[in-house]
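Everything on this sheet refers to the single structure shown next.
Just so it is clear, none of the values below were taken in a lab; they were calculated from the coordinates. Note that the coordinates shown come from a computational prediction; the quantities given were computed from them, not determined experimentally. Every residue, glycine among them, receives a Cβ derived from its backbone with ideal geometry; neighbour counts consider all protein chains shown.
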Amino acid sequence: MGTAMAALLMLLCSALAWAVPTPFVALPGASTASLVNMEPLLSWFRGEFSNAEQAGYDPRFANATLRLTEIWPGGAGVRWVYAEQSLAGRPERPFRQRIYRFSAGPQGRILMSELTMPRASDFAGAWRDPALLAGLTPSQLSLRGGCDIWLHRQPSGDYQGRSDIGLCPTDFGGAATLVQYVWIGKDRIRLLDRAYDEEGHPRWGSPGEGYLYLRLPATG
């Protein structure tokens, strides 16, 4: 198998990894101070990002784009981000669509939860036109149970976290559990997945230290 094809298949593995969805559960309300405490994270986790630089020097990585936009403003105690990932040059056909829910926790930690939506392809392009999500409500989403990530701010100022080992289930590619790592900085986002079988042996995952997405210049 060619290197480029292997890189593409590994990226799609991460996109297709399926965790058992659970019904949406609304979170209790929080104060305005809680929303403020989620900055600058939410300002950083917004915009257009690309790993073209990484893919240019490391053939293990497919060239992909990550687009993020905040949706449903004004919620009590939580903030929401719609995410699309697509191969370079094919933004109209994202291979992964998610909605992330952020809520403030103790000691400055922030809980990042991943949710899926019904008929996700209907909302392709919503990063550019959030009005496409007008018919979608939080109650229609499914939470990826066991896959929550607690984000901690590091001395560098960046945020990082991972899902709990052994709690995020998947049945894709011979794996039983998935560990997802995320690093979020002002102008970069790194995503790393590692999947394991029931004996704890690695089955598949992101190459190296994961996909490094760099912020693209704002347009328009």
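Were the residues from Ser121 through Trp150 laid out at 0.36 nm apart, the gain over their Cα-Cα distance would be 7.6 nm. Annotation: the residues Glu199, Glu70, sorted from fewest to most other C-beta atoms within 10 Å of their own C-beta, follow the order Glu199, Glu70.
Relative to the compact globular guide of 2.2 N^0.38 Å, what is the alpha carbon radius of gyration of segment 170-220, as a ratio?
Cα-based Rg divided by the globular estimate yields 1.47.
Once C-alpha pairs closer than 8 Å and six or more residues apart are averaged by separation and normalised to the residue number of segment 73-220, the relative contact order reads 13 percent. Summarising the overall dimensions of segment 29-149 from its C-alpha atoms, the Rg and Dmax are 15.3, 47 angstrom.
Between Arg188 and Leu214, the contour length at 0.36 nm per residue exceeds the alpha carbon distance by 8.9 nm. In plain terms, the residue of Ile99, Ile165, Ile71 with the fewest other Cβ atoms within 10 Å comes first and the most crowded comes last, giving Ile165, Ile71, Ile99.
Two decimals is fine: what is log10 I(q)/I(0) at q = 0.08, 0.15 Å⁻¹ for segment 77-220, from a Debye sum with one equal scatterer on every Cα and no solvent? Each listed q maps to, in turn, -0.24, -0.91.
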